[in-house]
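The next block holds one structure in the form of structure tokens; read it before the comments.
The values are calculated or read from the model by the stated rules, or taken from the named source; none is laboratory data. It should be emphasised that the depicted structure is a prediction, and the values quoted were computed from it without experimental measurement. Here the Cβ is made from the backbone with ideal geometry for all residues, glycine too, and neighbour counts use every protein chain on show. Accessible surface areas use protein heavy atoms only, side chains included; no ligands, DNA or RNA. Shrake-Rupley method; radii C 1.70, N 1.55, O 1.52, S 1.80 Å.
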Amino acid sequence: MKKIIMLFASVLFLAFQVAAQADRIVGFWLTEEKDAQVQIVKSSDGKYNGSIIWLDEPFEDDGSIKIDDENPDPALQKRTIMGLPLLKNFVYNSKDKEWEDGTIYDPDSGNTYDCFMWFEEDPNILHLKGYLLGMRFIGRSSTWFKSTDKRQ
């Protein structure tokens with residue numbers, strides 16, 4: 001009986017460790033250019049998603065609010081950049097220690113790319129790579145920086 005309890009405790013501890021590793025991306029992140037802040041959250045289905053919560057320049061030169069005017073879907077071209085979902089449906093792969101099977105949206109081009117994310121040595125630097133057609137070796141990488149709180 002004691003061995004069963006120890007085995008159960010070990011499995012439970014391991015499950016908590018994996019969950020803690022997976023949740024490391026939850027929080028506030030400054031984009032590579034540091035002109036936007038993205039909040040990554042874990043949804044009720046266990047997937048990770050991120051939306052823009054701060055912009056260095058939220059307004060156009062004419063004073064209007066920046067909108068998603070590059071989106072190929074005319075129905076989405078009027079939504080504001082502030083609050084725009086950028087990261088969708090990421091799942092944590094504990095074997096590869098990366099978040100995968102998600103997409104990243106580029107509001108500058110209106111394109112959506114397959115994407116994966118990972119940490120190297122510094123847990124305050126998140127690496128992202130967007131790619132097309134399942135070809136991870138071709139694509140564009142970006143580096144985001146951990147923020148302690150939401151920018152105002």
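Here are the numbers for the structure shown:
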{"read-out": "The chain - mean residue ellipticity at 222 nm from DSSP helices (-39,500 (n - 2.57) per run, n ≥ 4, rounded to 500)", "value": "-5000 deg cm²/dmol"}
{"read-out": "GluC sites (Glu not before Pro) within the range 73-152, DSSP loop, no more than 14 other Cβ atoms inside 10 Å", "value": "120, 121"}
{"read-out": "Loop-located chymotrypsin sites (Phe, Trp or Tyr not before Pro) in the range 55-152, at most 11 other Cβ atoms within 10 Å (DSSP)", "value": "137"}
{"read-out": "Restraint check, 78/150; 34/150; 42/66, Cα-Cα greater than 23 Å", "value": "78/150; 42/66"}
{"read-out": "Apportionment of accessible area to carbon and sulfur, the chain, percent (1.4 Å)", "value": "56 percent"}
{"read-out": "The range 112-125 - phi-based ³J(HN,Hα) in whole Hz, Karplus 6.51/-1.76/1.60, Gly and Pro as x", "value": "10, 10, 4, 8, 9, 9, 7, 10, 9, 8, 8, x, 9, 10"}
{"read-out": "Residue-normalised accessible area of the chain, given per residue in Å² at a 1.4 Å probe", "value": "64 Å²"}
{"read-out": "Probe 1.4 Å - accessible area at residue 76, Å² to nearest ten", "value": "60 Å²"}
{"read-out": "D_trans [Stokes-Einstein, Kirkwood Rh over alpha-carbon pairs] for the range 104-146, 20 °C, 1.002 mPa s, µm² s⁻¹", "value": "195 µm²/s"}
{"read-out": "Virtual spin-label span in nm between residue 111 and residue 142, 7 Å along Cα→Cβ", "value": "1.3 nm"}
{"read-out": "Helix 2-22 axis, angle to the chain major axis (alpha carbon atoms, nearest 10°)", "value": "10 degrees"}
